[in-house]
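Asker: Before I ask anything, here is the structure I am working with.
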Amino acid sequence: MASSTACILSYIAASSRFPGTSDTAGRRIISSPIKRDPQWVPASRCTRAQLPAVVRPWLLDDASLTARLIDLNQGRFSVERLSHAWTTPLPSERRMLNIAQRQRALVREVVLRLDTHDVVFARSVFPCSSLTGSLLHLRRLHNKSLGAYLFSQSGIQRSPFEICLLEGHHEYLPDRMRQEQPAWARRSRFELNGKSLLVSEVFLQAFNPWPDTLSVHRSQRGKVRAAMLRANQ
């Protein structure tokens, strides 16, 4: 607990030297509490009926989602940060990252956009112990793509996906992202230089290229290989 507090205090001190960790009024950016954890399940346990073929090419693709959205040529790609705060991760997030029950982590929520359309909501969880050394700069991503950085690194590993069909009004989604239709979501743990972080992605209603199919070898071309890590659920 003491090390977690020291890490948070160190982050706050650094924030005063780097703009963008507060909103325009100078207030700390705090994400809304989530009381109900989505029901994530390992993708490997899903039958073809539960996980239709039309969604598999996007949900199970281990290559860069950022790069693939750009390749769609459906508008200018951008990242908008929605929240960025030290908070208590959800129970399932703590288990996947081996975080103690009362220990806080840096949680970053963003929306990936194509022109004016919100297409993917992403939530990243960074344990304090991961935000050191070569990964220290991840505390200050602002409106930059986390994926663009991760997929530029050699030796990175990714756990098998967990997926969820999320209710459109689920509190996991920020108010602005809530919708009438259910939303497919996925998450996986990244490992880099012995440090872990968790990334979840929810495909929103404005995301429309589900019928697209992957070439046979696309997943093998991804810079991140699916590590044989046990899914903690």
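The values are calculated or read from the model by the stated rules, or taken from the named source; none is laboratory data. Because the structure is a prediction, the values reported are computed rather than measured. Counting neighbours? That spans all protein chains shown, and the Cβs are built from the backbone with ideal geometry, glycine included.
Asker: Tell me, yes or no, whether region 67-82 has at least one residue that is under 19 Å from Arg189 (Cα atoms) and not aliphatic (A, V, I, L, M).
Answerer: Scanning region 67-82, I find no residue that is under 19 Å from Arg189 (Cα atoms) and not aliphatic (A, V, I, L, M), so the answer is no.
Asker: Keeping to region 105-164, report how many residues are over 16 Å from the mean Cα position of the chain (by Cα), among the aliphatic types (A, V, I, L, M) and under 25 Å from Asp175 (Cβ atoms).
Answerer: Adding up the residues that qualify gives 1.
Asker: Further question on the same structure: Is there a residue being modelled with pLDDT under 90, hydrophobic (A, V, I, L, M, F, W, C) and in contact with a strand residue (DSSP E or B) (Cβ under 6 Å, 6 or more places away or on another chain) anywhere in region 62-72? Show your work before the answer.
Answerer: Here is the first cut: in region 62-72, the residues modelled with pLDDT under 90 are none.
No: region 62-72 contains no residue that is modelled with pLDDT under 90, hydrophobic (A, V, I, L, M, F, W, C) and in contact with a strand residue (DSSP E or B) (Cβ under 6 Å, 6 or more places away or on another chain).
Asker: Right, another one. Looking only at region 152-167, how many residues end up being under 18 Å from Arg187 (Cβ atoms) and modelled with pLDDT under 90? Lay out the reasoning, then the answer.
Answerer: Filtering region 152-167 for residues under 18 Å from Arg187 (Cβ atoms) gives 156-167.
If we keep only those that are modelled with pLDDT under 90 too, we end up with 156.
Number of matching residues: 1.
Asker: Exactly one condition in (1) at pLDDT below 95; (2) assigned to a strand (DSSP E or B) is false for Lys144; which is it?
Answerer: For Lys144, the exception is condition (2).
Asker: Would you confirm whether any residue within region 74-84 is among the aliphatic types (A, V, I, L, M) and either farther than 25 Å from Cys128 by Cα or without any contact (Cβ under 8 Å) to a residue 40 or more places away in the chain (or both)? Steps first, answer last, please.
Answerer: First, pick out the residues of region 74-84 that are among the aliphatic types (A, V, I, L, M): 79, 82.
Pick out the ones that are also either farther than 25 Å from Cys128 by Cα or without any contact (Cβ under 8 Å) to a residue 40 or more places away in the chain (or both) and you get none.
Among the residues of region 74-84, not one is among the aliphatic types (A, V, I, L, M) and either farther than 25 Å from Cys128 by Cα or without any contact (Cβ under 8 Å) to a residue 40 or more places away in the chain (or both), which makes the answer no.
Asker: While we're looking at this one, here's another question. When both residues are 6+ apart or on different chains and their Cβ atoms are under 7 Å apart, which pairs have a first residue that lies in region 134-156 and is closer than 20 Å to Gly194 by Cα, and a second that is part of a helix (DSSP H, G or I) and among the hydroxyl-bearing types (Ser, Thr, Tyr)?
Answerer: Taking only residues 6 or more apart or on different chains, the pairs are Arg139/Tyr11; Gly147/Thr66; Ala148/Thr66.
Asker: Take the residues in region 183-222 that are loosely packed, with under 15 Cβ neighbours inside 10 Å and either among the basic types (Lys, Arg) or in a strand (DSSP E or B) (or both); name whichever of them is modelled with the highest pLDDT.
Answerer: Arg218
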